[in-house]
Structure formats: structure tokens, C-alpha cells
Amino acid sequence: VEQPRAAAADEPVQVEERRCPEGRAFGRGCKVAMRFGELVDRIEGGETRLYLTTQELPLLSGGGEALLAPPLSALREKLPLRPRLAGSLCPQSLNLWYGRTDLREGTTSGLHHDHHDNLYCLLRGRKRLRLYAPSDAPRMRTHGRVRRVHPNGRINYAGDPTAADGRTAHDVLRWRLRRARRARRR
């Protein structure tokens with residue numbers, strides 16, 4: 001943790017804070033702004049109410065999103081942007097989740113699925129992961145009715161259709177309009 005802390009100490013981050021009136025859970029939108037170095041100091045000092053999750057990705061001039069957000073953007077030269085383990089896969093974004101738990105209480109993220117592939121690295125301690133095949137989704141109690149499971153595992157829910165790569169119909173329409181405008185300019 002010391003090397004990333006030194007390189008990214010001054011980077012601004014939005015940190016979830018377990019203080020919401022609804023209970024002790026993270027993921028309720030209670031966020032505080034701080035510098036990454038302060039977060040590391042507090043977590044290394046024993047703080048268990050703070051959790052760094054996905055940061056908003058900066059927009060690129062061409063309209064897409066950057067691959068990295070703070071604090072990882074400050075570590076760009078030290079990170080393998082395409083780890084060998086990923087093979088031919090190209091990352092859509094790289095994120096860092098960072099926190100600490102009280103060993104007597106433990107924590108859980110609850111049963112959920114992510115829309116993108118993940119490479120999970122635990123730096124210290126232990127964590128139990130239960131993995132289910134996307135094809136199990138229709139038999140599970142999901143938030144929403146499963147409409148389709150794409151061959152690549154992407155799950156669609158009724159009222160929220162996407163292509164297998166995650167693009168919505170609106171995304172595809174915007175792409176087609178941009179392509180048509182470029183063709184007219186030529």
C-alpha cells in the first residue's frame with residue numbers, strides 16, 4: 001500500500017462512508033471527498049467505515065471515457081494496463097476497491113452481478129467468493145425479470161435491454177448519428 005499511497009497521495013477521491021440512516025451497509029450513496037493519502041492513513045489506522053469504490057471516469061475529448069480515474073490515473077506508469085492474465089481481452093476500465101473490515105463483524109457485498117468482467121486481487125486477509133454461471137440467472141431471485149442472457153454472459157432485464165457488449169439502443173443510435181455526420185462532412 002505504501003508505493004501507491006506515495007504516488008497518488010494527493011489524488012481526490014469519493015469515498016463511501018458507512019453512516020447512512022438506513023443502516024450500516026455500503027452502497028447507499030453516502031460519499032465524502034478526501035485525498036487518497038488520507039484514506040490510506042485512516043484505513044491503515046484501523047478505520048472500518050470507509051470504502052473506496054469505482055470512481056467517475058474522466059471524459060475524453062472524443063466523447064468516450066478514460067480507462068483510469070484517480071487514484072489509479074496517478075499510477076498509470078506502474079500498472080499493467082493489459083495484464084497477461086487477461087489474454088486478448090481489452091479492459092473497458094480499471095478500478096480499485098479498498099477498505100477494511102472489523103474481523104469480528106465481517107462484511108458482505110450481497111449476491112449481485114457486474115456487467116463487466118473482473119480481475120479480483122486480494123492484498124491482505126481472506127474473502128470467500130461464490131460464483132454462479134450467468135445461465136443460472138433465470139432461476140435466481142433477481143431485482144427485475146431476466147429477459148435474456150447473451151452468449152457472453154451479459155444479463156438483460158425487462159425494460160433495460162442492451163447489446164452483448166453493454167450498449168443500449170440509445171448508444172447505438174448516437175453512434176450511427178455520429179457516423180452519418182462524419183460521412184456527410186467527407
Quiz item: Is the shape of the stretch 79-149 rounded, prolate or oblate, going by the alpha carbon gyration tensor and its root eigenvalues a ≥ b ≥ c, with a/c under 1.5 for rounded and a/b larger than b/c for prolate?
Solution: oblate
Practice problem: Could you check the simple spin-label distance between Ala164 and Arg35, using points 7 Å along Cα→Cβ, in nm with one decimal? | Solution: 4.7 nm
Quiz item: Extension gain Arg174-Glu77, at 0.36 nm per residue separation less the Cα-Cα distance, in nm?
Solution: 31.6 nm
Quiz item: Counting alpha carbon pairs within less than 8 Å and at least 6 residues apart, what relative contact order, in whole percent, applies to the chain?
Solution: 14 percent
Quiz item: Mind ordering 97-104, 60-67 by average Cβ neighbours within 10 Å, highest first?
Solution: 97-104, 60-67
Self-check item: Local electrostatic count at Arg148 - Lys and Arg +1, Asp and Glu -1, tallied over other residues with Cβ under 13 Å
Solution: +2
Self-check item: the chain - percent of accessible surface contributed by carbon and sulfur, probe 1.4 Å
Solution: 50 percent
Quiz item: For labels at Leu129 and His113 in the simple 7 Å Cα→Cβ model, what's the distance in nm?
Solution: 1.6 nm
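The values are calculated or read from the model by the stated rules, or taken from the named source; none is laboratory data. This structure is a prediction, so every number in the text was calculated from the model and none was measured. Glycine gets a Cβ as well: all are built from the backbone with ideal geometry, and neighbour counts include every protein chain shown. Heads up: the accessible areas ignore ligands, DNA and RNA and are worked out on the full protein's heavy atoms, side chains in. Shrake-Rupley method; radii C 1.70, N 1.55, O 1.52, S 1.80 Å.
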